[in-house]
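Structure, as structure tokens:
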Amino acid sequence: MSYVASFVVLTLLSIPPTPAVAQSGGDAAGAAVPTSLSIMTFNIEYGGTVVDLDSILAAVRRADADVVAFNEVYGKVARLGRLTGYDHVSRRLDLVSRYPIVEAPGSDGRFVFVQLAPGRVVAITNVHLPSNDYGPRRLLDGWSRIAVLREERSARLPALRPFVRATRGLPGAGIPTFIVGDLNSPSHEDWTEATVDLRPQIRFPVAWPATRFLAREGFVDAWRGVHPDPVADAGLTWPAGRPRSDTSWNPRRDAPRDRIDQIWSAGPATATMSELVGERHGPGVDISVRPWGSDHRAVVSTFDVTPGTPPVMVSPIPMLADIGEGLDVTYHAPGGAGERVRIVSRDGDPIADVIDSRGTPPGAATDGTTSFTTDALAAGGYDVVLIDGADAELARAPFWMREPGAPPILDTRWRNGIGEPVEIAFTQAPANRFDWIGLYERGADPLVDYYIDYLYTGAAVDGAATFDSLLPPGRYTAFYLLTDVYRQVASVDFVVRD
């Protein structure tokens with residue numbers, strides 16, 4: 001928020017820059033070398049608690065993928081990574097990886113770079129499209145193809161488009177790009193003339209909009225690339241044959257079986273293997289775990305990839321740090337003499353507003369990670385800036401500091417007029433993938449009472465949620481809630497007047 005940024009500028013500009021210190025670095029990237037990369041997509045169902053978290057962990061270990069994209073983790077992604085031996089985690093996309101994960105410039109949390117070698121990356125995003133109005137169920141219940149396609153275009157396409165648009169240009173620039181996750185939609189490559197009546201819901205071919213959109217954008221379905229015959233290799237991922245639960249929802253016994261968990265690639269990536277991970281003796285299962293812990297089977301696909309060169313950039317890790325916590329800044333630089341990474345106040349000048357500075361390694365280095373201490377920084381927003389030897393700015397990225405363990409800060413206008421949108425500003429937010437802000441009547445308990453309206457925060461540390469709900473006059477509370485559950489960590493009261 002504006003008053004936090006102003007405080008940072010006033011109090012920290014007097015801190016002198018420190019001299020350059022030794023840091024890790026990499027030589028200029030050589031010629032791109034093809035390599036193997038395996039990716040797993042896994043919806044673990046309600047945080048992996050329906051059956052047994054150990055079965056989820058066993059599935060991840062047996063799949064042994066380089067990158068795992070989870071869905072329905074409910075804030076457990078760091079724990080899952082730790083328990084399965086993955087060193088790198090993205091809370092913004094619920095990914096774990098054997099390779100470093102780098103926040104990509106301009107991605108707004110919609111994709112990340114996975115750094116396979118210094119200066120060599122792939123891009124990956126993880127989607128979980130809405131599950132309402134599930135198309136195969138509607139068709140099984142007698143809906144027409146026209147009505148179902150209308151629902152698909154309104155329910156799933158709007159959720160998918162921003163992720164695809166964010167990655168446009170990457171495959172053409174030579175960066176292998178992956179869109180993976182639970183699409184809650186079958187593939188048009190599975191619903192063909194050849195598969196009609198293969199399952200009860202397939203009464204005619206259907207050009208499912210979500211996967212048709214991906215194909216038109218140049219993406220290739222890894223499963224169908226390896227298993228081109230949808231009759232011989234259906235690859236069904238939902239519902240899986242997990243034990244029935246006495247405490248949780250269970251899929252209906254006539255639930256329409258389909259392949260809705262998918263891995264799509266574009267650019268220099270070719271699928272060489274694609275396997276199904278699920279219950280013992282499950283249809284088409286290649287890697288089995290007993291008991292199976294989710295209502296979804298997982299998919300793991302292996303690719304031959306030629307990683308690409310990222311743009312000139314800086315990427316702070318973490319984006320939100322506790323004061324006193326180390327800050328690592330990964331960079332890809334042109335490799336000229338005198339290049340430096342600097343911390344400045346938010347939107348500050350890289351010369352006049354320097355707070356701290358580190359030189360990149362000598363010898364025309366282009367890639368590395370440099371580390372900063374944060375003991376002298378106050379809570380608020382900052383930028384890391386990459387500059388060349390003539391002090392010209394090459395790249396910039398934001399980060400935030402907070403008092404150790406401090407909750408998010410919410411703010412709104414004290415009084416909102418009737419019929420006006422309600423804007424809830426937030427900062428120091430943990431930027432989890434499905435953090436959200438809910439509007440409630442004053443005195444409500446999110447664990448008990450139903451919300452009036454809600455919006456996701458877009459996995460942002462700093463931003464605003466604008467509600468168009470026409471609230472009647474009254475007293476309300478906005479809560480910041482974590483990871484698609486009802487755990488509130490901050491709140492602000494507001495009033496709507498006549």
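The values are calculated or read from the model by the stated rules, or taken from the named source; none is laboratory data. If you're wondering where the values come from, they're calculated on a predicted model, not measured in any experiment. All Cβ positions, glycine included, derive from the backbone under ideal geometry; neighbour counts span all protein chains shown. Remember, those area values only see protein heavy atoms, side chains included, never the ligands or the DNA or RNA. Shrake-Rupley method; radii C 1.70, N 1.55, O 1.52, S 1.80 Å.
Couple of notes before you dig in:
- Qualifying residue in the stretch 323-334 (condition: of a type in the set (Ser, Thr, Tyr) and closer than 30 Å to Gly174 by Cα): yes
- If the condition is being in contact with a strand residue (DSSP E or B) (Cβ under 7 Å, 6 or more places away or on another chain), within 20 Å of Val68 (Cβ to Cβ) and of a type outside the set (Asp, Glu), then the stretch 102-123 contributes Val102, Ala104, Arg110, Phe111, Val112, Phe113, Val114, Gln115, Leu116, Val121, Val122, Ala123.
- For the stretch 209-240, the set of residues classified as open to solvent by 40 Å² or more (accessible area, probe 1.4 Å) and in contact with a Phe, Trp or Tyr (Cβ under 7 Å, 6 or more places away or on another chain) consists of Val220 only.
- Residue list for the stretch 96-133, filter: polar (S, T, N, Q) and within 12 Å of the chain's Cα centre (by Cα): Ser107, Thr125, Asn126
- Filtering the stretch 160-208 to residues that are charged (D, E, K, R), surrounded by fewer than 23 Cβ atoms within 10 Å (Cβ to Cβ) and within 25 Å of Arg253 (Cα to Cα) leaves Asp197, Arg199, Arg203.
- Restricting Ile387, Ile343, Ile351, Ile355 to those that are surrounded by fewer than 20 Cβ atoms within 10 Å (Cβ to Cβ) and either hydrophobic (A, V, I, L, M, F, W, C) or under 30 Å from Arg62 (Cβ atoms) (or both) reduces the list to Ile351.
- Ser274 satisfies every condition listed in (1) out of contact with any Gly (no Cβ under 8 Å at 6 or more places or on another chain); (2) buried (at least 17 other Cβ atoms within 10 Å of the Cβ) except (1).
- The lone exception for Leu157 - which of (1) of a type outside the set (Val, Ile, Thr); (2) open to solvent by 40 Å² or more (accessible area, probe 1.4 Å); (3) over 21 Å from Asp304 (Cα atoms) it fails: (2)
- Scan of the stretch 234-278 for residues that are in contact with a strand residue (DSSP E or B) (Cβ under 9 Å, 6 or more places away or on another chain), assigned to a loop (DSSP other than H, G, I, E, B) and of a type in the set (D, E, K, R), ordered by number: Arg242, Arg257, Arg259
- Residue pairs meeting the criteria (Cβ under 9 Å; at least 6 apart or on separate chains; first under 14 Å from Gly109 (Cβ atoms), in the stretch 163-181; second open to solvent by 10 Å² or more (accessible area, probe 1.4 Å) and basic (Lys, Arg)): Phe163/Arg110; Arg165/Arg110; Ala166/Arg110; Thr167/Arg110
- Taking the stretch 106-122 as the range and being farther than 23 Å from Pro398 by Cβ and open to solvent by 10 Å² or more (accessible area, probe 1.4 Å) as the test, the residues that pass are Leu116, Ala117, Pro118, Arg120.
- Taking the criterion of being more than 15 Å from the chain's Cα centre (by Cα), modelled with pLDDT of 95 or more and not in a helix (DSSP H, G or I), the residues of the stretch 169-186 that qualify are Leu170, Gly174, Ile175, Pro176, Asn184, Ser185, Pro186.
- Exactly one residue out of Ala460, Ala478 is within 24 Å of Gln428 (Cα to Cα) and in contact with a Leu (Cβ under 7 Å, 6 or more places away or on another chain): that is Ala478.
Residues checked against (1) at pLDDT below 95; (2) aromatic (Phe, Trp, Tyr); (3) under 19 Å from Pro430 (Cβ atoms):
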{"position": "Ala58", "(1), (2), (3)": "no, no, no"}
{"position": "Ala63", "(1), (2), (3)": "no, no, no"}
{"position": "Thr84", "(1), (2), (3)": "no, no, no"}
{"position": "Asp108", "(1), (2), (3)": "yes, no, yes"}
{"position": "Val114", "(1), (2), (3)": "no, no, no"}
{"position": "Pro118", "(1), (2), (3)": "yes, no, no"}
{"position": "Leu129", "(1), (2), (3)": "no, no, no"}
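- For the stretch 303-340, a residue qualifies if it is part of a strand (DSSP E or B), surrounded by fewer than 19 Cβ atoms within 10 Å (Cβ to Cβ) and among the β-branched types (Val, Ile, Thr), and exactly one does: Ile317.
Residue-by-condition table, conditions (1) modelled with pLDDT of 95 or more; (2) out of contact with any Asp or Glu (no Cβ under 9 Å at 6 or more places or on another chain):
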{"residue": "Leu140", "(1), (2)": "no, no"}
{"residue": "Leu160", "(1), (2)": "yes, yes"}
{"residue": "Val164", "(1), (2)": "yes, no"}
{"residue": "His188", "(1), (2)": "yes, yes"}
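- Some residue of the stretch 206-219 being of a type in the set (Asp, Glu), under 16 Å from Arg110 (Cβ atoms) and assigned to a loop (DSSP other than H, G, I, E, B): yes
- Residue count for the stretch 422-473 under the criterion of being open to solvent by 20 Å² or more (accessible area, probe 1.4 Å) and among the aromatic types (Phe, Trp, Tyr): the result is 5.
- The set of residues in the stretch 115-158 that are among the β-branched types (Val, Ile, Thr) and assigned to a strand (DSSP E or B) comprises Val121, Val122, Ile124, Thr125, Val127.
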